[in-house]
Structure formats: C-alpha cells, structure tokens
Amino acid sequence: MSENRLRIAITKGRLLDKSMDLFDSMGLDTALVRDPGRRLILPIENYPMDAVLSKAPDVITYVEQGVCDLGIVGKDTLLEKGGSFYEVLDLGYGRCRFALAVREGTDFYGTYKTRRVASKYPNVAKQFFAAKGMDVDVIKIEGSVELAPILGLTDAIVDIVETGATLRANGLVPIETVAEISARLIVNTASMKLYKAQILDFIGLCEDELRRQEQ
Ligand code: PRP
C-alpha cells in the first residue's frame, strides 16, 4: 500500500492481457497498464490501485515480502515456488494443465527401472511422483522440455499442456494430468489484516464480475 493505494503485482504476458480484460469489465480504467511503454508501475486512474508488472515468480516474491498487497499469477508458478500468502480467488482464465507425457508407444509405468523425467517445474514433478511413492529422477530443463525424451535424455516430461499441439507435433502423448492450472489472485497476509476493507472491496468486484460472466 502506498498513499492509500493498493499495489497489485501482475504477471506480464498473456495473463496481463486477460487480467486487463477482467479489470475493464469491472469498470477499472486499464488504459495506462495496457500501454505502459517502459514504465513498470502504472496507476489505475479511477480506482485506488497501482499495477506492478513483473515475471510470475517475482509476483509471488513481491506479495510474500509485502511490497505488493495483491498478485495475479498462474497456479503453475504457485505450485512450483510455493510460499506464504493467501490464495483467495481462481480467476478462471489462463486455463491449462500440467501433464505427464511420453513418446508415443512408451509404457512409462511398465518397468522397474528408475525413470527419468524432464521438467521446467522440478518441484511439481517431484511432488507428483513422491505422492505415488515412485522413485523418479527429475531433471530440470529450462525450455522446450519436449526435446528431452526425443533426444533420449528422459523417459517422460511433466509440462504445461494447453491445446496439446506442441506434444502432438513432437510425437509425445499425455498419459496423466498432474494438476489443473489457471490464474489466481493472491494476497499478502499482513495486508489482508491492515487493509481489509479495501482488499475485500477489490475481491468483491472480481467475484461479482466472474459470477456475471458465468451466467
Ligand atoms: C508452454 C509449454 C508447451 C506449450 C504447450 O510453453 O511449455 O511448450 O506451452 O501449449 P500447447 O499444448 O497449446 O501446444 P509456453 O508457450 O508457455 O512457452 P515457454 O516454453 O517459454 O514456457
């Protein structure tokens, strides 16, 4: 909070566009956020809120540390990074899933060997197999994870699947859903107490609009 204005950290990229669509339909003036130039903190001119544009893991850091009161970030990053904050609302957009995928024709579960799995989200992958009681080597890959099984580095991947086109184009098939993903609204725990009225007002605006869109 600064000068009675809430600060909301918003993930740049696709989630930012969809967040601004939501804000528009809630009657918030998103003109400056939509056209930020090189500015990173932009006021919503008709509502006491400033938007802080940042990368997904940083949204969590800023909210956790209390320099932002609220944040909008994908469940994928929340699952991978974790942290201490309130997750108050599923915003419904940015829908996709984490899936376990293998090369077509591979029997992933039908072997006693220790399997190797590549992921940009190693914590998500490790937790998934730990919950199954499976001993799996998880290898962190920074991008284009689909390459790992194709090159023979791993038996499978855990990655984000939206349309499935990337998997299909690379001869991979999803065999299990690891977790459902969508954009979430998170709140700093101290801000929730200190600025309860303002934060509940904003959450209420979001909920009303999401309910209206469902009808
Ligand atoms: C994600 C994911 C896949 C792709 C899946 O990457 O890692 O590569 O999207 O989408 P699809 O099922 O619709 O084909 P993203 O586009 O987010 O880019 P990144 O690799 O830089 O994370």
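The values are calculated or read from the model by the stated rules, or taken from the named source; none is laboratory data. Here the structure is a predicted model, which means the values were calculated and not measured. Here the Cβ is made from the backbone with ideal geometry for all residues, glycine too, and neighbour counts use every protein chain on show.
Here are some notes:
- Residues being crowded, with 16+ Cβ neighbours inside 10 Å, of a type outside the set (A, V, I, L, M, F, W, C) and touching a helix residue (DSSP H, G or I) at 6+ places or on another chain (Cβ under 6 Å) - total across region 44-73: 2
- The sole residue among Glu176, Glu180, Glu146 that is among the acidic types (Asp, Glu) and within 13 Å of the ligand (Cβ to nearest atom) is Glu146.
- Of the residues contained in region 83-94, one or more are found to be within 24 Å of Ser144 (Cα to Cα) and surrounded by 20 or more Cβ atoms within 10 Å (Cβ to Cβ).
- Residue check, Leu151 closer than 30 Å to Glu3 by Cβ and either within 16 Å of the ligand (Cβ to nearest atom) or in contact (Cβ under 8 Å) with a residue 40 or more places away in the chain (or both): no
- Residue check for Lys12: touching a Ser or Thr at 6+ places or on another chain (Cβ under 8 Å), farther than 30 Å from Asp155 by Cβ, surrounded by fewer than 15 Cβ atoms within 10 Å (Cβ to Cβ) and in contact (Cβ under 8 Å) with a residue 40 or more places away in the chain: no
- Checking Leu42, Leu28, Leu79, Leu16 one by one, the residue that is in a loop (DSSP other than H, G, I, E, B), of a type outside the set (Gly, Ala, Ser) and assigned by TED's automatic domain parsing to the domain that holds Cys206 is Leu28 and no other.
- Residue list for region 34-78, filter: free of Cβ contacts under 8 Å to residues at least 12 places away in the same chain and of a type in the set (Asp, Glu): Asp35
- Each residue in region 105-149 was checked for being out of contact with any helix residue (DSSP H, G or I) (no Cβ under 9 Å at 6 or more places or on another chain) and either β-branched (Val, Ile, Thr) or under 16 Å from Ala179 (Cα atoms) (or both), and 10 pass.
- Residues in region 178-194 that are over 10 Å from Asp76 (Cβ atoms) and of a type in the set (S, T, N, Q): Asn188, Thr189, Ser191.
- Some residue of region 198-205 being among the charged types (D, E, K, R) and surrounded by fewer than 20 Cβ atoms within 10 Å (Cβ to Cβ): yes
- In the set (1) within 14 Å of the ligand (Cβ to nearest atom); (2) surrounded by 13 or more Cβ atoms within 10 Å (Cβ to Cβ); (3) within 18 Å of the chain's Cα centre (by Cα), Val187 fails one condition alone, (1).
- Taking the criterion of being out of contact with any Phe, Trp or Tyr (no Cβ under 8 Å at 6 or more places or on another chain) and of a type in the set (Asp, Glu), the residues of region 72-92 that qualify are Glu87, Asp90.
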